[in-house]
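The values are calculated or read from the model by the stated rules, or taken from the named source; none is laboratory data. Please read these numbers as outputs of a predicted model, since none were measured by experiment. Every residue, glycine among them, receives a Cβ derived from its backbone with ideal geometry; neighbour counts consider all protein chains shown. These accessible areas exclude ligands, DNA and RNA; they are computed on the full protein's heavy atoms, side chains included. Shrake-Rupley method; radii C 1.70, N 1.55, O 1.52, S 1.80 Å.
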Amino acid sequence: MGTSTTSTPTSTPEADGAVETRGIEPVPDHERRGRVRELFPTWVAANISVLLLTMGASLVINNSLNFWQVLVVAAIASAVSFGMVGLLSVSGKWGGAPGAMLSRAAFGVRGNYFPGAILWVARFGWETINAVTGAYAILTVLHLLFGIKPNNVLVVVTLLAFVACTFLVSGMGRKALNLCNKYSTYLFTLISIVVLVYLIVEMPWSAIFAKSPGSGAMMIAGIGTIAAGGISWVPTGPDFARYLPHSASGKKIVGTTVSGAALVLVPMVVMGGVMAVSNPELANQNTDPMSFLGQVLPSAIAIPYLITALIGMMLINSLSMYSAGFTAQTMGVKLPRALAVSINAAISLIGGLFMMLVAKDFIGQFIAFLTLLAVSFSAWIGVYGVDMARRRKKAVRYDADSLMNISRTSRYWYKGGFSWQAMTAWTVALVAGLCFTKVQWFTGPLAGTWIGQNGLGWAATIVIAAVVFAVLPAARENVPAEAPERAAAEDRPTVEVG
């Protein structure tokens, strides 16, 4: 560790070609040509998942909520979870680097490996879930169109095709993703209007509105379940804001992120709740979460809707794999970002085959995974959010050279490569969050408390991490002795807003 490993960008400028070659190195100012409005289709596409219909149905069947409660739960969940995504995305335009990279400034060069490893593993699970859902969508379309029944060979082929397509799009990078997201937004909006019109005409609205309300506790628990998906995108937010210029409005970043997500998330959750009234089995599709659409919707609507949703799920996985490539590089994988994505593609393929050929309870595993995912990401969110708040008043919020420097000379080396304050807060919060958690195969010792019973383990994790990190003394960055004037300048308050 005695030699400096400060890196200089070796990739060509992102604007030079259709395939993004930039990795984890911060984007220089002259390449910051992005616009805030480009984030809108990104977060629309990130929520085009038929699983939201199943989750909406679960709010009616399992949580006993009525129409208005489902609407409120969906609205609050999208605002809270993607509000956090938007807020932490602002750090992307501050530092021009992915969230996993900027996290070094909070946890230290070596300390960042620990939360980074958990985020990376959680990303594997999320991509596996999406890959399985996408494969089931293909199988359902084949069954509706041609009457083909699933078999093991077809399962392998469809899963492989889905993973290969997501790998291709995510490997091409930001430009390809932005283009795909833009047109998928138009397509999904069009077909969703058709579905909504059908539901308005055909659904038993008298029975829907006559349903008695569920308890407040079930509403709170429902918010946590729906919000978990959005929480999983929080560390990814800076990845898509890193090409924005410093002058980009922080408020617009938050507003665009929340509105893009809510445009899809809220209607889909509500639609799932409405469908559950006419088909209660919707929330109990334990092995195949897609086939219900052929039962609820006529084939003329179900097939194009499934195809559109399939494109959406492919983009969700592409967005996830895109960020996973950065996480892999941050963790020390010596591959270009596009090739680093292949690690996640391979793992999602293997995990997907296990879930489709061996496991039996897909939805149960999905809900358990979402619960654990929210807790694991929330510990990182609490620490990272406080670190952002402390940097907000600095003229230079992130040092690009030090972010790339993994030697002792990095500003973010702290003590032995660790910020013990951040590591302490993260560890305490993660353990506490797990104590409040209950899933199929794990029950924490505090799961029976009010927080645990209401599914608020993720919220408690964020608060605990933030409070512990905030009350501990701030870690001192390693500023070279020969540059005291630069250090003083960087610590001066800035007048930049957002």
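Some observations on this one:
- Pairs spanning more than 23 Å between alpha-carbon atoms, out of 334/394; 182/334; 93/252; 334/393; 93/415; 93/251: 334/394; 182/334; 334/393; 93/415.
- Given in Å, the Rg to one decimal and the Dmax to the nearest whole number for the Cα atoms of region 28-115 are 17.9, 54.
- Helix 174-202 and the longest principal axis of the C-alpha atoms of the chain enclose an angle of approximately 30°.
- Projecting the Cα positions of 165, 27, 436 onto the charge dipole of the chain (unit charges on Cβ atoms of Lys, Arg, Asp and Glu, taken about the Cα centre) puts 27 furthest along the positive direction.
- A simple packing score, the average count of other Cβ atoms within 10 Å per residue, orders the peptides 441-448, 459-466 as 459-466, 441-448, with the highest score first.
- Debye, to nearest 20: dipole size of the chain, +1 on Lys, Arg Cβ, -1 on Asp, Glu Cβ: 740 debye
- Virtual spin-label span in nm between residue 339 and residue 407, 7 Å along Cα→Cβ: 2.5 nm
- Distant-in-sequence amide contacts of residue 97, defined by a placed amide H-H separation under 5 Å and a gap of 5 or more residues or a different chain, comprise 27.
- Three-way shape label, region 109-241, alpha-carbon gyration tensor, a/c 1.5: oblate
- Computed from backbone phi, the HN-Hα couplings of region 26-42 come to x, 6, x, 4, 6, 9, 7, 10, x, 10, 4, 4, 5, 6, 4, x, 4 Hz, rounded to whole numbers (Karplus: 6.51 cos²θ - 1.76 cosθ + 1.60, θ = phi - 60°; Gly and Pro given as x).
- Length gained when the stretch residue 467-residue 118 is fully extended (0.36 nm per residue, less Cα-Cα span): 123.5 nm
- Cα gyration tensor category, rounded, prolate or oblate, for region 67-163 with a/c compared to 1.5: oblate
- Whole-number accessible area per residue in Å² for the chain, which is evaluated in the context of all protein chains at 1.4 Å: 39 Å²
- Peptides 467-477, 244-254, 42-52, 195-205 ordered by average Cβ neighbours within 10 Å, highest first: 42-52, 244-254, 467-477, 195-205
- C-alpha center-to-center spacing [region 199-236, region 367-438] in angstrom: 31 Å
- Lys, Arg +1 and Asp, Glu -1 on Cβ, resulting dipole of region 75-227 about Cα centre, debye, nearest 20: 460 debye
- On Cα atoms only, tilt of 67-95 relative to the major axis of the chain in degrees: 20 degrees
- Here is the tail figure for the chain: Cα pairs spaced more than 32 Å apart come to 39 percent of all pairs.
- Rounded to whole Hz, the Karplus (6.51, -1.76, 1.60) HN-Hα couplings of region 231-243, x for glycine and proline: 4, 5, 8, 4, x, 7, x, x, 4, 9, 10, 5, 8
- For the chain, the longest principal axis of the alpha carbon atoms and the long axis of helix 299-330 meet at an angle near 20°.
- Expressed as a whole percent, the accessible surface of the chain that belongs to carbon and sulfur atoms is 68, based on a 1.4 Å probe.
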